[in-house]
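> I have a structure I would like to understand better, so I am pasting it below and will then ask my questions one at a time.
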Amino acid sequence: MKVRELMSAPVLVVKPTDTLAHAKRLMLRGKVKRLVVMERGRVVGLLTVRDIVSRLRAGSPSWRLRTWDNGLVSRVMSREVHAVSPGTDVNKAVVMMLDRDVSSLVVLDGERLVGILTKTDVVRHFSGLLGKRFKVRELMSRDVVTVNRRQSVARIVEMMEECNVRSVVVTEGKKPVGVIMDRDLAFAQLEHPEKGVREREVRYTRKVERGGRPRGRYVKYVALLTADDIMRRDPVTVYPDADAAEAAALMMESGMSGIPVVEGEELVGIVTKTDLLRGIRRAGFE
């Protein structure tokens with residue numbers, strides 16, 4: 001099977017001089033997580049929700065997120081573009097995605113943009129075959145990045161970057177109660193409609209001298225947004241002994257990039273599109 005048979009086309013594009021606000025509106029309207037950046041008819045970069053998330057904290061204190069909506073696409077986009085031709089074998093494209101840790105490949109016919117191949121495209125096509133080969137437990141990741149409801153969004157951004165993941169599971173005890181994906185962070189309402197960045201005042205005192213009376217008063221502002229504000233509540237889950245095809249179908253239906261794996265109500269793992277792609281590579285589907 002060739003890339004041309006699975007790729008998505010046409011492709012939404014932006015210019016390096018467009019604002020991030022414009023790019024995010026395009027993503028939301030098109031229900032996509034990436035835009036190809038073009039200049040003078042040539043592909044010069046790729047803008048993904050992950051690029052947007054990685055810039056949220058840039059230049060800001062650790063307790064506060066910075067919005068970049070008025071910034072230019074050129075400041076945030078990835079300039080390294082991974083491309084394939086329409087005639088590339090899909091299995092080769094899958095290996096490229098996994099080896100290079102990318103979620104999509106731009107499809108070029110010479111220098112002409114003709115489509116884009118994403119993990120979603122591949123999983124959607126092969127999902128029915130996965131159940132004939134794998135149980136969820138054979139593909140799932142057992143190390144899950146978890147947070148509680150009160151975790152700040154700024155810290156969640158940090159954790160995603162540090163752990164190189166695109167989603168975290170919100171838990172109460174060992175029970176999953178929500179999921180936060182990179183696009184939830186990218187499109188989070190970080191600004192108050194009247195007051196700008198949502199924040200609260202925290203007042204505290206400290207002793208100026210050893211043994212002295214507390215007399216130094218300081219004010220600190222912190223972002224109000226927490227996991228509870230933006231998480232997808234009551235996420236769909238799957239059991240370890242379920243067919244991998246069931247997990248793939250749940251991803252396609254729910255739009256989730258990762259499905260929590262549970263035994264009873266206890267979180268034991270997560271199965272992601274990357275995990276499913278590894279299964280597709282192992283099986284060598286044609």
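The values are calculated or read from the model by the stated rules, or taken from the named source; none is laboratory data. Predicted, not measured: the structure shown is a model, and the values here were computed from it. Here the Cβ positions follow ideal geometry from the backbone for every residue, glycine too, while neighbour counts run over all protein chains shown. The accessibility values were calculated without ligands, DNA or RNA, using every heavy atom of the protein model including side chains. Shrake-Rupley method; radii C 1.70, N 1.55, O 1.52, S 1.80 Å.
One line per residue, one yes/no per condition, for (1) among the hydrophobic types (A, V, I, L, M, F, W, C); (2) under 25 Å from Val49 (Cα atoms); (3) crowded, with 21+ Cβ neighbours inside 10 Å:
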residue: Lys119; (1), (2), (3): no, yes, yes
residue: Val122; (1), (2), (3): yes, yes, yes
residue: Lys132; (1), (2), (3): no, no, no
residue: Glu162; (1), (2), (3): no, yes, no
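> State whether one or more residues within segment 24-31 are exposed (fewer than 14 other Cβ atoms within 10 Å of the Cβ) and modelled with pLDDT of 95 or more.
no
> If Pro240 passes every condition in (1) assigned to a loop (DSSP other than H, G, I, E, B); (2) open to solvent by 30 Å² or more (accessible area, probe 1.4 Å) but one, which one does it miss?
(2)
> Output the residues belonging to segment 164-173 that are under 9 Å from the mean Cα position of the chain (by Cα) and either in a strand (DSSP E or B) or farther than 12 Å from Val53 by Cα (or both). Give the derivation first.
So the first thing to find is which residues in segment 164-173 are under 9 Å from the mean Cα position of the chain (by Cα), and the list is 165-167.
Within segment 164-173, Ser167 is the sole residue that qualifies.
> Out of all the residues in segment 256-271, which are modelled with pLDDT under 95 and open to solvent by less than 30 Å² (accessible area, probe 1.4 Å)? Explain how you work it out, then say what you get.
The initial filter retains those residues of segment 256-271 that are modelled with pLDDT under 95, namely 256-258, 264-265.
Within segment 256-271, Met256, Ser257, Gly258 qualify.
> Also: List pairs: first residue in segment 258-286 and within 17 Å of Ala245 (Cβ to Cβ), second residue of a type in the set (D, E, K, R) and assigned to a helix (DSSP H, G or I) anywhere in the structure, Cβ distance under 6 angstrom, at least six positions apart or on different chains.
That search, which allows pairs on different chains as well, returns Lys273/Lys119; Leu277/Lys119.
> Can I ask one more? Residue pairs, Cβ under 9 Å, 6 or more apart or interchain, first in segment 84-110 and acidic (Asp, Glu), second part of a helix (DSSP H, G or I). List them.
These pairs meet every condition: Asp89/Val3; Asp101/Thr274.
> Same structure, new question: In segment 96-107, how many are surrounded by 13 or more Cβ atoms within 10 Å (Cβ to Cβ) and part of a helix (DSSP H, G or I)? First the steps, then the outcome.
Here is the first cut: in segment 96-107, the ones surrounded by 13 or more Cβ atoms within 10 Å (Cβ to Cβ) are 96-98, 102-107.
Applying the additional criterion that residues be part of a helix (DSSP H, G or I) yields 96-98.
Count: 3.
> Starting from segment 167-183, take each residue that is within 15 Å of Ser254 (Cα to Cα) and list its partners that are of a type in the set (Asp, Glu), counting only C-beta distances under 8 angstrom and pairs at least six apart or across chains.
What qualifies is Ser167/Asp182; Gly178/Asp228; Gly178/Asp234.
> Which is in a helix (DSSP H, G or I) and at pLDDT below 95, of Glu201, Glu161?
Working: Glu201 fails: in a helix (DSSP H, G or I).
It is Glu161.
> Only one residue in Gly128, Gly178, Gly110 is open to solvent by less than 10 Å² (accessible area, probe 1.4 Å) and of a type in the set (Gly, Ala, Ser). Which one? Outline the logic, then answer.
Numbers: Gly128 fails: open to solvent by less than 10 Å² (accessible area, probe 1.4 Å); Gly110 fails: open to solvent by less than 10 Å² (accessible area, probe 1.4 Å).
Residue meeting the stated conditions: Gly178.
> Quick check on segment 181-194: of everything there that is open to solvent by less than 60 Å² (accessible area, probe 1.4 Å), of a type outside the set (Phe, Trp, Tyr) and part of a loop (DSSP other than H, G, I, E, B), which residue is modelled with the lowest pLDDT? Before the answer, list the steps.
Step one: list which residues in segment 181-194 are open to solvent by less than 60 Å² (accessible area, probe 1.4 Å), which gives 181-188, 190.
Within this subset, residues satisfying the condition of being of a type outside the set (Phe, Trp, Tyr) are 181-186, 188, 190.
Checking which are part of a loop (DSSP other than H, G, I, E, B) leaves us with 188, 190.
Working: Ala188: 77, Leu190: 54.
So the residue we want is Leu190.
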